[in-house]
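Working notes, beginning with the structure itself.
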Amino acid sequence: QVQFVESGGGLVQPGRSLGLTCTASGKIFSNADVAWYRQTPGKEHQLVALISRADYTHFADSGKGRFTISRDNAKNTVYLQMNSLKPEDTGVYYCNFFPSVDNYWGQGTQVTVSS
């Protein structure tokens, strides 16, 4: 069983930055592709960014050029740095494997971008 714990969300003004952190339990983290997802009311989890076991990264179009994803396998942690935030970045952010595993969704962390 793997548990993901997200943190770092909050209320920020448009144009500001925010860094999210996700720590995972379990020894398989370093051998897995991991991703950040965003969920808004009434919608499914949407991919925001992923980082492979080989540190290949991919971003949804909405975050390209603004978001950075990184990982520290020694700490079982994945990070999402979000710059130049926009109101449409608002949502609950989760991390999970890629592809996601339904049983491993955590509590997420709320990000609200508003003036």
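The values are calculated or read from the model by the stated rules, or taken from the named source; none is laboratory data. Treat the numbers as computed from the prediction; the structure is a model and nothing was measured. A quick note on method: Cβ atoms are made from the backbone with ideal geometry, for glycine too, and the neighbour counts reach across all protein chains shown. Side chains included, ligands, DNA and RNA excluded: accessible areas come from the protein's heavy atoms. Shrake-Rupley method; radii C 1.70, N 1.55, O 1.52, S 1.80 Å.
Surface composition of the chain: carbon plus sulfur atoms contribute 47% of the solvent-accessible area (1.4 Å probe, protein chains only, all chains present).
Across region 77-84, coupling constants 3J(HN,Hα) worked out from phi with the 6.51/-1.76/1.60 Karplus curve, θ = phi - 60°, read 10, 10, 10, 10, 9, 10, 10, 6 Hz, and Gly and Pro carry x.
Between Ala60 and Ser25, the FRET efficiency from the beta-carbon distance, with R0 = 30 Å, is close to 0.70. Among the chymotrypsin sites (Phe, Trp or Tyr not before Pro) in region 9-75, which ones are in a DSSP loop with at most 11 other Cβ atoms within 10 Å of the Cβ? Mind listing them? When the chymotrypsin sites (Phe, Trp or Tyr not before Pro) of region 9-75 are filtered for loop state and at most 11 Cβ neighbours within 10 Å, Tyr56 remain.
Against the criterion of solvent-accessible heavy-atom surface with a 1.4 angstrom probe, Tyr104, Tyr93 sort, most first, into Tyr104, Tyr93. Ordering Asp55, Asp72 by accessible surface, largest first, gives Asp55, Asp72; the 1.4 Å probe counts only protein heavy atoms, with every chain in place.
Taking the Cα centre of region 37-104 as reference, the dipole from Cβ charges on Lys and Arg (+1) and Asp and Glu (-1) amounts to some 140 debye. Within region 1-53, the proportion of Cα pairs with more than 18 Å between them is 45 percent.
Rounded, prolate or oblate: pick one for region 70-115, where a ≥ b ≥ c are the square roots of the eigenvalues of its C-alpha gyration tensor, a/c under 1.5 means rounded, and failing that, prolate if a/b is larger than b/c, else oblate. It comes out oblate by the Cα gyration axes.
Per-residue accessible area (protein heavy atoms, 1.4 Å probe) orders Ser114, Ser52 as Ser114, Ser52, starting from the largest. Between Leu20 and Leu80, Gln81, Met82, the built amide H atoms are under 5 Å apart, and every one of these is 5 or more places off in sequence or on another chain.
Computed with a 1.4 Å probe over protein heavy atoms only, the accessible surface of the chain comes to 54 Å² per residue.
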